[in-house]
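Before we start, here is the structure in question, set down as structure tokens.
The values are calculated or read from the model by the stated rules, or taken from the named source; none is laboratory data. What you see is a predicted model, and the numbers here were worked out from it, not measured in a lab. Glycine also receives a Cβ, built like all others from the backbone with ideal geometry; neighbour counts cover every protein chain displayed.
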Amino acid sequence: MRLLAVLVAALALGASPAAFGQAYPFKQIQVVLSFPPGSATDLATRIVAEKLRERLGQPVVVENRSGAGAVLGETYIAKAPADGHFIGIGSSTSLAVAPNTRLRLEYDVRRDFIPLSLLCEVPQWIVANPSLPAASLAELAALVKSQPGKFSYASYGQGTLSHLGMELWKSMAGIEMLHVPYKGGPQAHPDVMSGRVPVLWDSVSSALSAVRSGKLKALAITGPERLAEIPDVPTVAESGYPGYELTGFLVAIVPAATPKPVADRLSAELAQILKMNDVRARMTAGGLLPKGSSAEEARARISAYLDKFAQAVKIAGYQPE
């Protein structure tokens, strides 16, 4: 009876079931991301969530929290219960760009999260309306210079990798274009396809089908090398802007207070999932580069990109908001 009283009292104070030895996981797992359905992040998240459900034996529900510069998911995860049942899919935007561009961010990347695994690289590119009279970035820069004030570009959110990456290229090209932010790449597609906004920085995954169908045309890959699936699209560096290199990535994270055994279990599971042939094939087909890594490697990538985007902000002359 005394033990029962202690347990009841502890539960009343909010102690988790794990505190009494209940094996993890013991309930539904919520996976949260800051991008909308149809985005590259959404594709990768749902592939991983499906495998987590199979391996952990519990329902895994994906929740999209898009908007607000792609940080709503991380804001939620930073305050979520730290019991391993709340997993965030952090991006280069939320974990490396936003800390350098947002003056009032409701989380600290190094303090509030435990990185679990680098899930994949998310190749990015600059695409345009097919009728735009420019077939390369050099031609686009010349066109913009010849008609000042006429051209705009779309991004998948204010203060995102998409926004900052275009601002950096603009500074290197010496041009001005009006920024038109959207809640995600797919949300910008109709306006770019119609020509209302002629240029878009998007993930390869998000815009690949539109480029293949001729509804958009690709100008340049923003990463360090061309992609095997689209070998004819040059990099920004190859297009006359040497040294330019920015790409996206996804990292699984949990709240910082998550017990180490639980975080280690999730890290190991994710690393194994990313080794599966079907997972790698599905991600690659969607324009993603599957990775899978240790927690330490994931932490190192975040740290390196925090420094990289701090430098990018200075080069682009971007003023944090």
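Looking at (1) touching a Lys or Arg at 6+ places or on another chain (Cβ under 6 Å); (2) within 21 Å of V251 (Cα to Cα), find the lone condition where R110 falls short.
So the condition that R110 fails would be (1).
I'm trying to understand the selection: among the residues of the stretch 22-45, which are under 21 Å from T247 (Cα atoms) and surrounded by fewer than 17 Cβ atoms within 10 Å (Cβ to Cβ)?
Listed by number, the residues that qualify are P37, G38.
Residues that are modelled with pLDDT of 95 or more and among the β-branched types (V, I, T): does the stretch 239-252 have at least one?
Checking the stretch 239-252: at least one residue is modelled with pLDDT of 95 or more and among the β-branched types (V, I, T).
Which members of the stretch 259-288 meet the condition of being more than 17 Å from L118 (Cβ to Cβ) and in a helix (DSSP H, G or I)?
K260, P261, V262, R265, N277, D278, A281, R282, A285
I'd like the full set of residues that are touching a Lys or Arg at 6+ places or on another chain (Cβ under 7 Å) and on the phi > 0 side of the Ramachandran plot, limited to the stretch 238-286.
Correct list: empty.
Here's another thing I want to ask about it. Of all residues in the stretch 141-167 being in a helix (DSSP H, G or I) and under 23 Å from Q187 (Cα atoms), which is nearest to the chain's Cα centre (by Cα)?
Checked the stretch 141-167; the qualifying residue nearest to the chain's Cα centre (by Cα) is L161.
Every residue in the stretch 168-190 that is farther than 19 Å from A70 by Cβ, without any contact (Cβ under 8 Å) to a residue 40 or more places away in the chain and part of a helix (DSSP H, G or I), please.
Listed by number, the list holds a single entry, P190.
State the number of residues belonging to the stretch 60-80 that are touching a strand residue (DSSP E or B) at 6+ places or on another chain (Cβ under 7 Å) and over 19 Å from A188 (Cα atoms). Walk me through how you get there before you give the answer.
First, pick out the residues of the stretch 60-80 that are touching a strand residue (DSSP E or B) at 6+ places or on another chain (Cβ under 7 Å): 60-65, 70, 73-74, 76-78, 80.
Restricting the remaining residues to those that are over 19 Å from A188 (Cα atoms) gives 60-63, 73-74, 76-78, 80.
Total satisfying the criteria: 10.
Can you give me the number of residues within the stretch 91-122 that are within 14 Å of A300 (Cα to Cα), in contact with a Pro (Cβ under 8 Å, 6 or more places away or on another chain) and aliphatic (A, V, I, L, M)?
Counting residues in the stretch 91-122 that are within 14 Å of A300 (Cα to Cα), in contact with a Pro (Cβ under 8 Å, 6 or more places away or on another chain) and aliphatic (A, V, I, L, M) gives 3.
Quick one: which residue in P198, P234, P261 is surrounded by fewer than 17 Cβ atoms within 10 Å (Cβ to Cβ) and not assigned by TED's automatic domain parsing to the domain that holds L52?
Just a single option satisfies the conditions, and that option is P234.
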